[in-house]
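Reviewing the structure listed below.
What follows draws every value from the coordinates through simple rules; no lab data is involved. Every value quoted in this text rests on a predicted model; they were computed, and no experiment measured them. With ideal geometry, Cβ positions are generated from the backbone for all residues, glycine too; neighbour counts draw on all protein chains shown.
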Amino acid sequence: MAAHRCSRSAVLLFLCALSLFIVADSQETASNGGQRDNNAVDSPQAATETAERAVEERRWEASEAEAAADRQDTSAAENELPASVPRPKDDFQEELVIRPLHSGDIYASFQFRTVWETDFMKGNKVSHYRLFPKSLGQVISKFSVRELHISFTQGYWRTMRWGQPYQPSPPGAELWVWFQDSVTDVDGTWKELTNVLSGIFCASLNFIDSTNTVQPSASFKPLGIGNVTDHRFLRYATLPREIVCTENLTPWKKLLPCGSKAGLAVLLKSEKLFHSTFHSQAVHIRPVCQDWECKTTSWELRQTLNVVFDLHTSAQGKREWSLFKMFSRTLTEACPLASSSKIYIDVTDNPQGDQFEVSPATPLLSQAVVLGDRRTFSVYDLTQQITFGTVRSLNLLIRWKSSEGDMLRPLLHAERYVAGYGLQTGEIHTLMYNNHPYRSFPVLLLDSVPWYLRLYIHTLTVTSKGKDNKPSYIHYQPSKDRVRPHLLEMLIQLPPNSVTEVTVQFERALLKWTEYTPDPNHGFYVGFPCKEESSYFVRVYTEPLLVNLPTPDFSMPYNVICLTCTVVAVGYGSLYNLLTRSFQIEEPSPGLAKRIANIIRKMRGVPPL
Amino acid sequence: MATTEVERRRGQLAALSIAAVVIIVGVPLWWRTTETYRAWLPVSQIKELANLQLQLSADVEVVFARGTVTPEQQKKVPLTLTQDDEHVVDEDTSLRYRYETKYRTATVMEEDALNQPAAAEADLSLHRLSESPCGSLVVYVIPESSSLLPEDVNVYIGQQRTALLRMGAPMRVGKTLEQLLSHLEPRIKQVLQVMSFSHNDITAALSDRVRLSPGNKESVADSMRAFKSSPGYEITFSLLNPDPKSHRLHWDIESAVQTYIQPLLTKLAPLANFSIDSQTLYYTMLGVNPRFDSSRSIYMLNADSLAHVINPVEARLGSNAASSNPVLNFLLYVPDAHHSPLHIHDHKKQEVPSNAFHSPRWGGIMVYNVDGFYGPEAAFPVDININMAKVMGVFLAQLRLLLGVQSSSPPPGFRVTPCSSAGLADWELDRLMWSRSVENVATATTTITSLAQLLDQIGNIVINDNIAQQVSSAVTSLQMAVAELEAGNLGFALQYSKEAILASERAFFDPSLLHLLYFPDDQKFAIYIPLFLPMCVPILLSLLKIMSEARQRRREKTKKKD
């Protein structure tokens, strides 16, 4: 009767992903020409369902159009129009940055940028779309969104091997949104918005609820114009468990004006993109200035996709990369709608060409400051026919000449782990490394821990170089069971050439049996972001934690019921027996010897004793 | 011996009292702690609604112009006349049409208006004189000799809610009033069927409730073309440009919508909310390859292949993220330079002049050829401005069809004025409102009765208070809608029927109904058995024993008496 019992001892907990923002000081203002931000949004329009409708059901009829409108024969009139073509209010640019990494891996970062001169803000209805995708535009205007940032990432960015990414993103899904100040019910709108985005991107964003949403007070400031910094209108949530795959990429590609039919997007083939060690796609929407004086605003949609191909799995260990090898496609044209379409190859580490060789060679070089670092790029302009050469197709080839050369250690990086034993308590350790020999950096650390890890905030310690490092700003919001997570924000000064360790102890909570995930013994992910700041701004995410929670045996409820019932039944049975039995005095029965004697006497026909 | 008897009685009493405790305390306790919450539903009212008797009342005012009735007849003209017309649609649904006809003679001003040279002007000035409320009609009876209408036209239907009716030839002056009225009556009914509702429309609107016997293919196609009634519609115009390398298309959709579509939608505002948007899609291909006709060097799309055109395009259209209303899609397809010009051919292999087609309950597609706008030596990409007047004419006609604004051909002898700039005459709106109200009532009653049935059948479903409230408000709105239809207040009837449909859908699709949907009884009892079996068996056994002993004792007693 007992169902099978799994004797599982541990439930794992999710640790929130941690993201660090680095604001480092700054030699240069961050003039990263847009090619550094990667945000990928995939918008799965629900069109697929509709496409399934039976074809047969459609009866077509030629419509007899009796146009109420006057139809003059205007073929001539139309033809003269090129002169009066209005200046388009939207603009589309695409670019791909390729960075050969010292490890022999290769990092490719796509960015598609649509800028549209329109106004979603003042409540006027925007309804006519050209390059900007309609599905996102409707979301912005319906939910009064000021800024929207969403990213889907598979794999973990290895900062120590690869350096800083152009656009950091935590493993899993991350969503943060600034609403306009006209929104009255921010939580309700946020809930609806996540549900709609979940439909658009085919992702489980609908699992975002109040238990994993926070309102950071100091981090995640708006990236666009507008100086609203009232954090009541900000919502931030991560889903470290989210698995990213083809179904997220397809809707993301659908948002591009050229789809995957022309331009750089033809390279985005899911079978190659997901055969990589790191994949991240994002969508960022924000209002930006049209010009220097900022008289008119426009909306910027940036779709970014970052991918790192592995030396061993993708290139079979050969230190040689080509577009074809990476994406199984070559380029033949730019997207005709794009005003600019370029490929950049980061050749900073290769000034004399002794590290690797790029072919075909290009005379165009450009310099840009990326993350406070001056980098040099070879530029291939796809709008120029000459780029494609005589074969009408561009297949960039990067061949390494030597496998030597050390990468500079990244200035900032962070890691995180859970210490402790047993299933009752534990300790979260966050290590932040500052490798700069003489500069110290202010870092804003954001940590959002789910309620089922009950933090003991009095055990919070911040130490660097063995000394206590007192944070200059602490914002802590305690959790409420099943309502909201812990939020911890701290501004910490990282001394030069040091490791700063933040530890906090926690106790694991017992969940209700319906609150466990389908695979509770896998553990629960907990993510958390750290941020560091300076004149340029870096965000660093740590790896998510995987925490075991005490996991019950899930066949237990039935066993408990059976056991309890049996105990009750036994107790009740004896009580009942005792109460209802009628007692009477019985003659003591004769002894064994006497009985045997009686039997013998009976056989002999003698009266018994 | 006596002590054993006492002991036995005590044991019996103990067993009985335990049984009593179990029955009086245990069973109710178990029942209360395991019952599901089910709020009260107005079941009897829902049952009444399941048996729907709709009555539609239309007010008609018949105005006799000078020269149609003699002064004596004029005095005898009855003030009002009510006619009922009953139809039984099926065993649960019956319809009754009530025409309330008011007779009067024309006022001086109306006479003046009727003396205008042309019918259209007369219509306009009559409209200025009096505005009839939504759902009612005014029929002016004019003498046969009147020059207002051309020879072959007997009935003229105007822009507003008025019609002009020419007295028939046999009705010369001198007939009795009864003859006159009985002559007019069928003709007025005919006018009513064109201008407000006909039995066919209303039964078609009831299709959600009543399974209609399949008529001929044509009428099924007609009835399936228009969208179902809904509180709102999203209209999406999409420009499909499969070849952005050759064509740079510009369409001034914003002002075109303002000029051509918005007036119609403003007129339709009482019916539903409309929202309009547009998008441009690049690299979208049709699902079929057009055939090349080398004799005329054009590409052709056959009627049979049109069914396959939409599906691949639809994958790119995107659904509306921001609302769940039905979407009407209007696509303007500009064929790429290598497949131009493209023409649609109908079943008779004739070119369709508008080069457009529509798909029922989905939208319309128009093919717009641009190859004539540039020569063979043009430098690509070519800038092309699209003639929105031409495009919007086609889309507007399709929109009228898809929204169910019927343009069914009037009976012979009728002349219907062409629609004005608003795209919709008042009486067309009325017609639509009649059928939409009936359709809403039919849909809402079906939803609410099936919900009641479902809740009745599955006892495990929790019925929360908010659902009960939605159901009650749906029922109230339905009753109001039916009452308003009966009273002839069309505007209110539509309003209430919309509320009813919204509330009933909200109740039906509430997610809380799903929580305990599957909680089978066998599993419940598998959990109870370990407790119930050991407790109940001794109680039952001792009760049986007590009963058999009692019976035995009674038998002994009777034996003793004997």
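Results, tabulated for the structure shown:
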quantity	calculated
Extension gain (nm, one decimal) between B:Val153 and B:Val288, 0.36 nm per residue minus Cα-Cα	43.9 nm
Residue-by-residue Karplus 3J(HN,Hα) for the stretch B:351-361, coefficients 6.51, -1.76, 1.60, Hz, glycine and proline x	5, 7, x, 7, 6, 9, 8, 10, 10, x, 6
Distance between the stretch A:217-238 and the stretch A:427-453 - C-alpha centres, whole angstrom	20 Å
Cα-only Debye scattering, the stretch A:443-518: base-10 log of I(q)/I(0) at q = 0.12, 0.18 Å⁻¹	-0.41, -0.76
Reachable lysines, given that their alpha-carbon falls under 29 Å from the alpha-carbon of A:Lys465 and they are not under 8 places away in the same chain	A:Lys531
Calculated FRET value between B:Arg96 and B:Glu254, using beta carbons and R₀ = 35 Å, to 0.05	0.15
Inter-site label distance for B:Ile23 and B:Asp84 at 7 Å from Cα along Cβ, in nm	5.6 nm
Cross-link reach list, aspartates and glutamates versus A:Lys602, counting only Cα pairs under 16 Å and skipping chain neighbours closer than eight places	none
Computed label-point distance, nm, for sites B:Ser323 and B:Gln523 using a 7 Å Cα→Cβ extension	4.1 nm
Kirkwood-type radius of chain B, with distances r between different C-alpha atoms, in Å	29.6 Å
Cubic angstrom per residue, convex hull over Cα atoms of the stretch B:302-437	184 Å³
Added length on full extension, which subtracts the Cα-Cα distance from 0.36 nm per residue, B:Arg9 to B:Thr70	11.4 nm
Restricting the stretch B:1-80 to chymotrypsin sites (Phe, Trp or Tyr not before Pro) in coil, as DSSP defines it, with at most 14 other Cβ within 10 Å	B:Tyr37, B:Trp40
Label-point separation, A:Arg329 to A:Tyr417 (7 Å along Cα→Cβ), nm	4.2 nm
Label-zone membership for the stretch A:314-335, site A:Lys269, 7 angstrom Cα→C-beta point, backbone N under 17 Å	A:314-316, A:321-333
Fraction of alpha-carbon pairs over 25 Å apart in the stretch B:232-402 - percent	32 percent
3J(HN,Hα) from dihedral phi, the stretch B:503-513, Karplus parametrisation 6.51/-1.76/1.60, rounded to Hz, x for glycine, proline	5, 5, 5, 4, 5, 5, 9, 5, x, 5, 5
Computed E for A:Glu117/A:Asn206 - FRET, C-beta separation, R0 45 angstrom, nearest 0.05	0.85
Coordinate range along principal axes, alpha carbons of the stretch A:203-310, Å, largest first	43, 40, 25
Helix-only mean residue ellipticity at 222 nm for the protein assembly as shown, each DSSP H run of n ≥ 4 adding -39500 (n - 2.57), per residue, nearest 500	-9000 deg cm²/dmol
Length-normalised contact order of chain B in % [C-alpha pairs under 8 Å, at least 6 apart]	18 percent
Unsatisfied cross-links (Cα-Cα over 18 Å) in the set A:Lys142/B:Lys228; A:Lys134/A:Lys253; B:Lys102/B:Lys189; B:Lys228/B:Lys498; A:Lys134/B:Lys267; A:Lys318/A:Lys401	A:Lys142/B:Lys228; A:Lys134/B:Lys267
Between helix B:388-402 and chain B: long-axis angle, C-alpha atoms, 0 to 90°, nearest 10	40 degrees
Anchor A:Lys467: aspartates and glutamates whose Cα lies under 20 Å away (excluding residues fewer than 8 positions away in-chain)	A:Glu415, A:Glu427, A:Glu501
Rh (Kirkwood; distinct C-alpha pairs) - the protein assembly as shown, Å	36.9 Å
Under Karplus coefficients 6.51, -1.76 and 1.60, residue-wise ³J(HN,Hα) of the stretch A:326-342 in Hz, glycine/proline x	6, 10, 6, 8, 10, 9, 10, 7, 8, 5, x, 8, 7, 7, 8, 8, 9
Value of D in µm² per second that Stokes-Einstein yields for the stretch A:461-609, Kirkwood Rh from Cα pairs, at 25 °C (0.890 mPa s)	102 µm²/s
Cα convex hull of the stretch B:55-203, projected area averaged across orientations, nm²	9.2 nm²
